[in-house]
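The structure appears below as structure tokens.
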Amino acid sequence: MQDRFIGAVSLIPESLATPLIPLLGEHFSGHLSNDQLSMLATESAMDKQQLLLALLPIAAALASPPISHFYVGAIAIGASGDAYMGANMELPGEALGQAVHAEQNAISHAWLKGERGIQDIVVNASPCGHCRQFINELVKGSEICIHLPGQPTAPLAHYLPYAFGPKDLNISAPLLAPQQVELALETDDPLLIEALDQANQSYAPYTGNHAAVALETDDGRVFVGRYAENAAFNPSMLPLQMALGELLRHNLGFEAIERVVLLESSAGQISLANASLAALSAVADVQLEHVIAEPC
Ligand code: THU
Ligand code: ZN
């Protein structure tokens, strides 16, 4: 088991901790398959909801909150039934608006793994207004079930009545729906090829600035993030933050970063370069490679 889970496991009933510990080995990065969840439910004699609430300390152990020291853990259940953990991430010394909330990290984790819908979100603290707005951007967002310790399960519509969302801006393919983007770039650089592929899956209906980040670590691994816009603009999630969230979930530190590419569409109304530069300079002494790709 990874050291970062030792404290969390001590908060979990033994009937669950015993079958869970073997899953928390070196390669664990916050993903549990539907089959693994079923096995854990059977072994611990918990129902799925009890199980997910009991797993929250593991999700919270993924947090990196050097400013608040407040550990938030969230679990998103994808349409496939798999569970995707996420936790809050604060960037040391940077503007608070550059932080990522646990719910956003869990949802982006599911999106990067190919999920096309979210059924449930389980979280250890009440989702803030910004997260409720972020969840409302997703496919069938108002129907997503929110599970909180000590509260009855309720759909997002209960937590965000009379909501503002993508429909108000005439967007009919919300976040997690397949996007029809075709950016092209002539390159044989594998990091740029990866960034291009991710940008083609990004969600930028409000600015057209389809964008992604691909970063490489000193052991040659690649982590990616896609841009995810929000109808209310400010809760949008930047691709660099999404990639940094992936890095931390994989139990690596920011010091492992060696190369970072931000790829953006030439057709966008905005650029994420300045905001990304600010975020990157907070965590690594690495140049931001900025590449523009043309729509086909
Ligand atoms: N936080 C979340 O991750 N989710 C919420 O909805 C509430 C707040 C995080 C953000 C910040 O890292 C810390 O908790 C304090 O607000
Ligand atoms: Zn929040």
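Bear in mind these aren't lab numbers, they're just calculated from the coordinates by the rules spelled out. Worth saying up front: this structure is predicted, and the values here are computed from it rather than measured. Counting neighbours? That spans all protein chains shown, and the Cβs are built from the backbone with ideal geometry, glycine included.
Within the chain, which is the longest segment that contains none of the trypsin sites (Lys or Arg not before Pro) sitting in a DSSP loop with at most 16 other Cβ atoms within 10 Å?
Details: sites that count: K113, R116, K140, R221.
That gives 1-112 as the longest site-free run.
How high is the relative contact order of the range 3-169, in percent, with contacts defined as C-alpha pairs under 8 Å that are six or more residues apart?
Details: 294 pairs, mean separation 27.7, N = 167.
Relative contact order of the range 3-169: 17 percent.
Over all distinct Cα pairs, what is the inverse of the mean 1/r for the range 183-295, reported as the Kirkwood hydrodynamic radius in Å?
Averaging 1/r across every pair of different Cα atoms and inverting gives 13.8 Å.
Given N residues in the chain, what is Rg(Cα) / (2.2 N^0.38 Å)?
Details: Rg = 18.5 Å, N = 296, 2.2 N^0.38 = 19.1 Å.
Cα Rg divided by the expected 2.2 N^0.38 Å: 0.97.
Can you list the residues, at least 5 places off or on another chain, whose amide H is less than 5 Å from the amide H of A293, using H built in the peptide plane?
The answer is E264, S265, S266.
Less than 20 Å apart at the alpha-carbon level, and either on another chain or at least 8 residues along: which aspartates and glutamates does that give for K167?
Filter leaves E137, E143, E229.
Explain nothing, just compute: Karplus ³J(HN,Hα) = 6.51 cos²θ - 1.76 cosθ + 1.60, θ = phi - 60°, for every residue of the range 78-89 in order, whole Hz, x for Gly and Pro.
x, 4, 6, x, 6, 10, 10, 8, x, 9, 6, 9
Can you spot the lysines whose alpha carbon is less than 21 Å from K113's alpha carbon? Ignore those fewer than 8 places along the same chain.
Filter leaves K140.
Can you tell me the convex hull volume per residue for the range 112-270, based on C-alpha atoms, in Å³ to the nearest whole number?
Values: hull volume 19.1 nm³, N = 159.
Convex hull volume per residue, Cα atoms: 120 Å³.
Can you return the aspartates and glutamates within cross-link range of K48? Criterion is Cα-Cα under 14 Å, with same-chain partners fewer than 8 residues away left out.
D35, D82, D120
What shape does the range 3-169 have by the C-alpha gyration tensor, where a ≥ b ≥ c are the square roots of the eigenvalues, rounded means a/c under 1.5, and otherwise prolate means a/b greater than b/c and oblate the rest? Don't skip to the end; give the middle numbers.
Numbers: a/c = 1.80, a/b = 1.28, b/c = 1.40.
Here the range 3-169 falls in the oblate category.
Residue by residue through the range 284-296, what is 3J(HN,Hα) from phi via Karplus (6.51 cos²θ - 1.76 cosθ + 1.60, θ = phi - 60°)? Round to whole Hz and write x for glycine and proline.
8, 8, 9, 5, 8, 7, 10, 10, 10, 10, 9, x, 5
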